[in-house]
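S.K.: Quick one: structure below, then a few questions.
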Amino acid sequence: MSAKIVARHLVDFETVIGNRSLITVTVGPQLNPIILSLGKLPDYRQESSGGGSFAKKNSDTLNDYRIHYCAGEDWFSVDLAPTLENFHSVQPIGDQDWLLVRCRSSGDKDHNAHVYSAYGEHVRSFPAGDGIEDVQVTKDSNIWISYFDEGVFGDCEWSRSGLVCLDNEGKQVFDFRAVCIEADPIDDCYALNVCSSHETWLCYYTDFPLVRLTDHKVNEIWRNIPVAGSHAFAVSKENVLFAGGYNNRTELIKVHLPTGVFKKLKAVTENGQVLKGFSACGRSHSLYLSTEKSLFVVESEFSEHSFPE
């Protein structure tokens, strides 16, 4: 017998997007799954003369993005106005609007964050920095943006902090450097979890401390977390559930924060089949796991179950 944790099946991507290209899967502040799709093959990367590959900020032909979102038991969709932008992130913002973000930027004045209406019309845009790792918006429309190392050590001012919070017009209301007297600076923000309008968690390189912010102030820091390299986690009371790490991307690691005791788990479907090759997104107490074809969620108290090997 082996300790495993159940991941509940939410949706098969093909039933929602059909034969469109899957761009990203994420979760909104109401814990509603969101999918961004494209009606053509994405034109997101370009080969250099030296044989390398780098991100393209814009496609050579117009992109016809579609947002698919779950409300209750039903899925709905919004078609965006055609654009050359190569978007990487999507979040609901305001009552009915949508925030789309391109993760690479040409500088502090590059408007790589765009707001669209419920009907897919472009409303406004503003700079969001370069090297964006994750974007999570709160119920009151504050935009939390984390950055990976190319942004932190790049030329965009906001990116250098590793983590910022913007209001819904793109004005900065928090910069992580303001709390670096208490917390170590960020070299690369691996994992972000915006639990609510008041509570934000993050885990970052180099030493991977787990930091809880409350109302833009450091509430607590755990410096000896036995997980390095995880890109997503969920929090529930005194426990944190991390998705993978450097040593094993297909493991989940449950950590009891008061004691530091941890346990490695395997995510399984409701019939006991082990999930392999997933990417993860953490929001509040829920950890969402995306395989090539389907989306699953581990939630609640991270209850463990035993299944036959």
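The values are calculated or read from the model by the stated rules, or taken from the named source; none is laboratory data. Bear in mind the structure is a predicted one, so any value in this text is a computation, not a measurement. Glycine gets a Cβ as well: all are built from the backbone with ideal geometry, and neighbour counts include every protein chain shown.
S.K.: Of the residues that make up the stretch 30-37, is at least one buried (at least 19 other Cβ atoms within 10 Å of the Cβ), within 24 Å of Asp130 (Cα to Cα) and among the polar types (S, T, N, Q)?
M.R.: Yes, that holds for at least one residue.
S.K.: When you scan the stretch 213-230, do you find a residue that is closer than 17 Å to Ala7 by Cβ and either crowded, with 20+ Cβ neighbours inside 10 Å or over 22 Å from the mean Cα position of the chain (by Cα) (or both), even just one?
M.R.: Yes, the stretch 213-230 has at least one match.
S.K.: Of all residues in the stretch 211-220, count the ones that are assigned to a strand (DSSP E or B) and either under 21 Å from Phe148 (Cβ atoms) or in contact with a Phe, Trp or Tyr (Cβ under 8 Å, 6 or more places away or on another chain) (or both).
M.R.: Of the residues in that region, 3 qualify.
S.K.: Taking the criterion of being under 17 Å from Thr26 (Cα atoms) and buried (at least 16 other Cβ atoms within 10 Å of the Cβ), would at least one residue in the stretch 121-132 satisfy it?
M.R.: Yes: one or more hits.
S.K.: When only residues in the stretch 152-170 that are in contact (Cβ under 8 Å) with a residue 24 or more places away in the chain and assigned to a helix (DSSP H, G or I) count, which is farthest from Tyr190 (Cα to Cα)?
M.R.: Within the stretch 152-170, the match that is farthest from Tyr190 (Cα to Cα) is Trp158.
S.K.: I've got another one for you. Take the stretch 37-75 and flag every residue that is under 14 Å from Leu100 (Cβ atoms) and either modelled with pLDDT under 95 or of a type in the set (Gly, Ala, Ser) (or both).
M.R.: The answer is Ser37, Ser59.
Rundown of residues vs (1) modelled with pLDDT under 95; (2) aliphatic (A, V, I, L, M), yes/no style:
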residue	(1), (2)
Leu192	no, yes
Glu220	no, no
Val235	no, yes
Asn247	yes, no
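S.K.: In the stretch 1-43, which residues are over 11 Å from Tyr288 (Cα atoms), part of a strand (DSSP E or B) and basic (Lys, Arg)?
M.R.: Of everything in the stretch 1-43, just one residue is over 11 Å from Tyr288 (Cα atoms), part of a strand (DSSP E or B) and basic (Lys, Arg), namely Lys4.
S.K.: Next question. Could you list, in sequence order, the residues of the stretch 82-108 that are in a loop (DSSP other than H, G, I, E, B), touching a strand residue (DSSP E or B) at 6+ places or on another chain (Cβ under 7 Å) and surrounded by 15 or more Cβ atoms within 10 Å (Cβ to Cβ)?
M.R.: Across the stretch 82-108, the qualifying residues are Asn86, Phe87, His88, Arg102, Cys103, Arg104.
S.K.: Moving to a separate point now. For the stretch 171-194, give me each residue that is touching a residue at least 24 places away in the same chain (Cβ under 8 Å), surrounded by fewer than 21 Cβ atoms within 10 Å (Cβ to Cβ), in contact with a strand residue (DSSP E or B) (Cβ under 7 Å, 6 or more places away or on another chain) and not in a helix (DSSP H, G or I).
M.R.: Val173, Phe174, Glu182, Ala183, Asp187, Asp188 - these are the residues of the stretch 171-194 that are touching a residue at least 24 places away in the same chain (Cβ under 8 Å), surrounded by fewer than 21 Cβ atoms within 10 Å (Cβ to Cβ), in contact with a strand residue (DSSP E or B) (Cβ under 7 Å, 6 or more places away or on another chain) and not in a helix (DSSP H, G or I).
S.K.: Taking only the stretch 120-134 into account, find how many residues are touching a Ser or Thr at 6+ places or on another chain (Cβ under 8 Å) and part of a strand (DSSP E or B).
M.R.: 5
S.K.: Only residues that are under 19 Å from the mean Cα position of the chain (by Cα) and surrounded by fewer than 20 Cβ atoms within 10 Å (Cβ to Cβ): list them for the stretch 246-265, please.
M.R.: Tyr246, Arg249, Thr250, Glu251
S.K.: Related question: Mind checking which residues of the stretch 101-139 are closer than 20 Å to Leu202 by Cα and either more than 16 Å from the chain's Cα centre (by Cα) or not β-branched (Val, Ile, Thr) (or both)?
M.R.: Cys103, Ala128, Gly129, Asp130, Gly131, Glu133, Asp134, Gln136, Lys139
S.K.: Is at least one residue of the stretch 80-98 within 17 Å of Cys165 (Cα to Cα) and of a type in the set (S, T, N, Q)?
M.R.: Yes.
S.K.: Which members of the stretch 50-81 meet the condition of being within 18 Å of Leu10 (Cβ to Cβ) and in a strand (DSSP E or B)?
M.R.: Once the filter is applied, which keeps residues that are within 18 Å of Leu10 (Cβ to Cβ) and in a strand (DSSP E or B), the stretch 50-81 yields Ile67, His68, Tyr69, Cys70, Ala71, Asp74, Trp75, Phe76, Ser77.
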